[in-house]
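> I'd like to ask you about the structure that follows.
The values are calculated or read from the model by the stated rules, or taken from the named source; none is laboratory data. The model shown is predicted, which means the values in this text are computed figures rather than measured ones. Note: ideal-geometry Cβ built from the backbone for every residue, glycine included; neighbour counts use all protein chains shown. Please note that ligands, DNA and RNA were not included when accessible areas were found on the heavy atoms of the full protein model with its side chains. Shrake-Rupley method; radii C 1.70, N 1.55, O 1.52, S 1.80 Å.
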Amino acid sequence: MSFKEFQPYPKYKDSGVEWLGKVPEHWDVKRLKYSATINDEALPETTDPALELTYVDISSVDAIEGIVANEEMIFENAPSRARRIIRDGDTIISTVRTYLRAIAPIRSPRLNTIVSTGFAVVRPRNVKPSFMSYALRESGFVEAIVTRSVGVSYPAINSSEIGNIPFELPPSDEQLSIVSFLDQETSRIDTLISEKERLISLLQEYRQALISHAVTKGLDPKVKMKDSGVEWLGEIPEHWEIVPVKGVATCNDDVLDETTDEDFEIEYVEISGVDAYRGIVDTTVLPFGKAPSRARRRIQKGDILVSTVRTYLRAIASVHQLPDNMIASTGFAVIRPRSIESAFLGYLFHAEYIMAEIIARSVGVSYPAINANELMRLTIPLPLAPEQISIASFLDREASRIDTLISGARKFIDLLKEYRSSLITAAVIGKIDVRGYHV
């Protein structure tokens, strides 16, 4: 993907800004504060406690999709950071955890939409709102925000510092040409991204159905079936047994002692580091002395990690490859197979029936959890060992094929997002001339 079909401007000049480089000769480069205001309006403390508002927090903003979620509440129940008033045409920029790149344009917001004080609300003054929203999401500008942020684990930037960042300013008619071009081109890219994401969703559903059927019905379509006696499980092959998990595995056998050497290096797995489909996707290497108090569960190859908190996340993983000293959060139940094939048990926990039952037995609304003992009382179907091995081998092969397709789709999405970002940058800083662009 390249921009070869687009020509550069006839003449350029040095912008005087390192990350901007050269800009078209007739463009201006000014600090953002000369083209926009920041944080003009806020809800006062005297606001009616019964005022209904729509609240947007930093976690509700995606770097590509913008605002993806919100929460309805009354002012009295709102967090103290729910204060910034937004208007149509504004752009919100996260001033905390700036590495998340949580920046979003505001278009036709609902009445009384309020954003966190963790955002800077930028309101255009001498610039077209749509152009400004693209320019503020341009990679160089975003990197300037990240670079100016202070702090390691929770980097933040002052709103006034954002106002001091240089901002490229083409003539008004060119701003509109650039917006028209980017609206059309990014829409095409976003459609392709949505199609690939839908494909991934369908492949994941098929993978889930394949696993669920194989571990509860077996591979022989002609086998005689019997009632399992378990409502959510239904029929199983006639020669299979029904057993509780605790009959074939143990749970949380091994923990790090409180007297562990503080310099002992561990590779820590948190619930957010486990994906329902990809297993363990993220770990943190750190000395025991700096690890959170919940970093206690020892893991062995062949174990299955099952999240017992926020069970709706379906954070379940089979441990196939194990680095030295991998430790899981106490938010996991570490299940160790004893008289069952590890791979088969791992697939069982990924079956839709089991996942749904874990969620159903969880207690709590905002932070649902299941007791490890309750988890071990779950009943599961159990074929003989040779059949367990056959089913696991079949699923290894078929799941691998599906995962390859999913991986290819994800890589293509990443390429599309990179191209989208590059296209925005090229247009808003004048690397390509789109004045003659026609849809």
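> How fast does the stretch 318-439 diffuse by Stokes-Einstein, in µm²/s, taking the Kirkwood radius from C-alpha pairs at 10 °C and 1.306 mPa s? Could the numbers behind the result be given before it?
On the way: Rh = 19.2 Å.
Calculated translational D: 83 µm²/s.
> Hey, another quick one. Relative contact order for the chain: what percent, with Cα pairs under 8 Å and sequence separation of 6 or more? Let's see the in-between values first.
Values: 766 pairs, mean separation 76.3, N = 439.
This gives 17 percent for the chain.
> For helix 385-428, what angle does its Cα long axis make with the longest principal axis of the chain, in degrees from 0 to 90 and rounded to 10?
0 degrees
> Still on this structure, I have one more. More than 20 angstrom separation, counting every C-alpha pair in the stretch 2-78; what % is that?
Working: 1899 of 2926 pairs.
Result for the distance tail: 65 percent.
> Please report, in cubic angstrom per residue, the volume enclosed by the convex hull of the alpha-carbon atoms of the stretch 1-134.
On the way: hull volume 18.9 nm³, N = 134.
Spelled out: Cα convex hull of the stretch 1-134, divided by residues, is 141 Å³.
> Further question: Normalising by the residue count of the stretch 1-129, find the relative contact order in percent from Cα pairs under 8 Å and 6+ residues apart. Don't skip to the end; give the middle numbers.
Values: 226 pairs, mean separation 34.9, N = 129.
For the stretch 1-129, the relative contact order is 27 percent.
> Between GLU235 and GLN321, what FRET efficiency follows from the Cβ-Cβ distance if R0 is 30 Å, with the result rounded to 0.05? If you can, show how the numbers build up before the last one.
Values: r = 36 Å, r/R0 = 1.19.
Plugging the Cβ-Cβ distance into 1/(1 + (r/R0)^6) gives 0.25.
> Starting from the Kirkwood Rh over alpha-carbon pairs, what translational D in µm² s⁻¹ does the stretch 65-136 have by Stokes-Einstein at 37 °C and 0.692 mPa s?
Roughly 255 µm²/s, to the nearest whole number.
> With N set to the number of residues, divide the alpha-carbon radius of gyration of the stretch 252-335 by 2.2 N^0.38 Å and report two decimals. Walk me through the numbers on the way to the answer.
On the way: Rg = 11.8 Å, N = 84, 2.2 N^0.38 = 11.8 Å.
Output field value: 1.00.
> Relative to the compact globular guide of 2.2 N^0.38 Å, what is the alpha carbon radius of gyration of the chain, as a ratio? Walk me through the intermediate numbers first.
On the way: Rg = 26.9 Å, N = 439, 2.2 N^0.38 = 22.2 Å.
The value comes to 1.21.
> Let me check something: with ligands and nucleic acids excluded, how do LEU169, LEU219, LEU111 order by accessible area (1.4 Å probe), largest to smallest? Each step should come with its number before you reach the end.
Working: LEU169 20, LEU219 80, LEU111 150 Å².
Reading off the accessible areas and sorting them downward yields LEU111, LEU219, LEU169.
> Can you give the local net charge around PRO105? Use residues other than it whose beta-carbon is closer than 9 angstrom to its beta-carbon, Lys and Arg +1, Asp and Glu -1. Numbers along the way, then the final one.
Values: positive: ARG107, ARG137; negative: ASP90.
Once all neighbours under 9 Å are counted, the net charge is +1.
> Tell me the angle of helix 172-217 to the major Cα principal axis of the chain, expressed in degrees between 0 and 90 and rounded to the nearest ten.
0 degrees
> Residues of the stretch 282-297 with the amide nitrogen closer than 16 Å to a label point 7 Å from the Cα of GLU265, along Cα-to-Cβ, please.
Zone members listed by number: 283-291.
> Restricting things to alpha carbons, tell me how big the stretch 389-439 is in terms of Rg and Dmax, in Å.
20.3, 64
> Need one number: convex hull volume per residue for the stretch 177-247, Cα atoms only, in Å³.
Working: hull volume 9.3 nm³, N = 71.
Cα convex hull per residue, to the nearest whole number: 131 Å³.
> Could I ask something else about it? Over all Cα pairs of the stretch 236-292, how is the pair count split among 10 Å bins, expressed in % and running from 0 up to the last occupied bin?
17, 28, 30, 16, 8, 1
> Also, quick follow-up: Rounded to two decimal places and with Rh computed the Kirkwood way over Cα pairs, what is Rg over Rh for the stretch 257-405?
On the Cα set of the stretch 257-405, Rg over Rh gives 0.98.
> In whole Å, how far is the Cα centre of the stretch 335-405 from that of the stretch 252-309?
Cα centroid of the stretch 335-405 versus Cα centroid of the stretch 252-309: 20 Å apart.
> Something else: Given that compact globular proteins tend to follow 2.2 N^0.38 Å, what is the ratio of the alpha-carbon Rg of the stretch 166-294 to that value?
On the way: Rg = 26.5 Å, N = 129, 2.2 N^0.38 = 13.9 Å.
For the stretch 166-294, the normalised Cα radius of gyration comes out at 1.90.
> Taking the radius of gyration and the Kirkwood hydrodynamic radius from Cα positions alone, what is the Rg/Rh ratio for the stretch 262-305, to two decimal places? Numbers along the way, then the final one.
Values: Rg = 11.1 Å, Rh = 11.3 Å.
Reported Rg/Rh (Cα atoms, Kirkwood Rh): 0.98.
> How tilted is helix 139-148 with respect to the longest principal axis of the chain? Cα atoms for both, answer in degrees (0 to 90, nearest 10).
80 degrees
> Another question, then. With charges set only on the Cβ (+1 for Lys and Arg, -1 for Asp and Glu), what does the dipole of the stretch 262-345 come to about its Cα centre, in debye to the nearest 20? Each step should come with its number before you reach the end.
Details: 11 positive and 10 negative charges, 81 e Å.
That gives the stretch 262-345 a dipole magnitude of about 400 debye.
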